[in-house]
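Below is one structure, written out as structure tokens; the observations come after it.
All of the numbers you see were taken from the coordinates with simple rules; none came from a lab. Values in this document were obtained by computation on a predicted structure and should not be read as measured data. Backbone-built Cβ (ideal geometry, glycine too); neighbour counts: all protein chains shown.
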Amino acid sequence: MDSSRLKPGWTRVAFGDVVRLCTERTSDPAAEGFARYVGLEHLEPGNLAIRRWGDVANGTTFTTLFRPGQVLFGKRRSYQRKVAVPDFTGVCSGDIYVLESSDDRRLLPELLPFVCQTDSFFDHAIGTSAGSLSPRTNWRSLAAYEFALPPLDEQSRLAVVLRAGGRTASLHLDAAAATLRILDSLLAQYLVGVPDSSIRLYHRQFGHYSPQSALVPLGDLVTVAQYGSSVPIAGEGQYPILRMTNLSEGLTTDADIGFVNLTDQEYDRYLLRNDDILLNRTNSHDLVGRTGIHKLRGEYVFASYLIRIQVDRQRVLPDYLCAFLNHPLGRRQVMRFATRGVSQSNINIDSLHRMLVPLPKLKCQREIVRELDTLRKTRVALTQRARKVSRFASWFLSAQLRPA
């Protein structure tokens, strides 16, 4: 960047000259009173707010401390554009950098998260990342990033505009979250019935349920339950492979895909079919059991920490079963059967077979799926609008930081 082309009053700075990497640690988060932890999975691309977190009481290996107003930047797979500003104190993954302004007389703290959201900053982070399957950038590389820094009064003006954009994006995400609550409530009404109804039935394992739905063991509905491939995953290979990070919004996704090389026999064994259900059998306690239905076009296989489920479609629709497994009613049973490890929980096929599924008639299942699909599309549209607003804010700041 040519200093002679900077706007009057602006200065050229290195990121590390105005930003500090915070390295405060705790050896025992629970004992020291910290209630929440944040992993990369809790940071949403393009959203500065943190809407999800884990419970320290459920166990965590994270030790990096963060405090309200600091900036959390996902250094692993930085192309996912994960930046957030917490409003609470907690601990976070080692794959997250905790950043703050080192001198608020040079860089206003409220402008820092928006600097970290600019395209040029992400381009620098991605360009300095190393590793094929799970690339990471490092602090020394980030500290070398150079950008044009406006005077404080200009920083304040920019921060006001950018915060307004952030509030707009947040309102869209609030609406998307409300849609999810409606979705959960709608499905619960079908499965459980109206809370004050006197005609609801009760089962010790499941709880209350509607007499319109028979409780059926999942094992009676499953035709195939299979663990995935344990072949090592790489950044390149013959076949794209879905992992636990490829389950989102009740669907499989090809974001951040890995690859494997397989024999013809292995390929035939692990090739996914349309409407296969994938369940994450190993993860942190709050994420184990996450489920997605496969609707991607193309040839994909699946990894060993996923379970493929195929069902008898004369009795249950795959979309209906996937929605149930992702619903709190389904996840409650997953949690009951999951075994706890030091930092992860696990569930096996035998346990899944013992889960009870409320099973209405196929006609009712189709009606449920149609309504849930409408709500899901609404939620996706709201989320996309929020991301567009965030992208516009990033573009706006980038345009302001360009040389005159």
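Observations, loosely collected:
- Distances between placed amide hydrogens fall under 5 Å for residue 11 paired with 149, all partners being 5 or more residues away or on another chain.
- For a straight C-alpha distance cut-off of 28 angstrom, the lysines reachable from residue 82 (same-chain residues fewer than eight places away being disregarded) are 295, 377, 388.
- Estimated distance in nm for a label pair at residue 369 and residue 312, the labels positioned 7 Å out from Cα along Cα-to-Cβ: 1.7
- Note on the range 160-193 and the range 283-325: Cα centroid distance 24 Å, given to the nearest whole angstrom.
- In terms of other Cβ atoms within 10 Å, 114, 34 run from fewest to most in the order 34, 114.
- Estimated Rh, the range 154-241: Kirkwood, alpha-carbon pairs, angstrom: 18.9
- Contour minus Cα-Cα distance for residue 160 and residue 257 (0.36 nm per residue): 31.2 nm
- Residue with peak Gaussian network fluctuation, the chain [Cα springs, cutoff 10 Å], from 184, 319, 87: 87
- One equal scatterer on each Cα of the range 295-402, no solvent, Debye formula: the resulting log10 I(q)/I(0) at q = 0.10, 0.18 Å⁻¹ is -0.50, -1.07.
- Under-5 Å amide H pairs with residue 117, H placed in peptide plane, nonlocal only: none
- Each of 371, 299, 44 was scored by other Cβ atoms within 10 Å of its Cβ. Listed from fewest to most, they are 299, 371, 44.
- This model, with +1 at the C-beta of Lys and Arg and -1 at the C-beta of Asp and Glu, gives the chain a dipole about its Cα centre of some 680 debye.
- Neighbourhood net charge (11 Å Cβ-Cβ; Lys/Arg +1, Asp/Glu -1) for residue 70: -1
- For residue 377, the shell of other residues with beta-carbons less than 12 Å away shows a net charge of 0, using +1 for Lys and Arg and -1 for Asp and Glu.
- For residue 75, the residues whose amide H sits under 5 Å from its own are 96, 97, ignoring neighbours fewer than 5 places away on the same chain, with H placed 1.01 Å from N.
- Tail beyond 27 Å, pair distance distribution of the chain (Cα, percent): 58
- Membrane-span-like helices of the chain, defined as complete DSSP H segments with a Cα extent of 30 Å or more along the helix axis and a mean Kyte hydropathy of at least -0.5, are identified as 152-192, 362-401.
- Its Cα gyration tensor gives the range 165-311 an equivalent ellipsoid, and the semi-axes of that ellipsoid, as √(5λ) in whole Å with the largest first, are 34, 23, 12.
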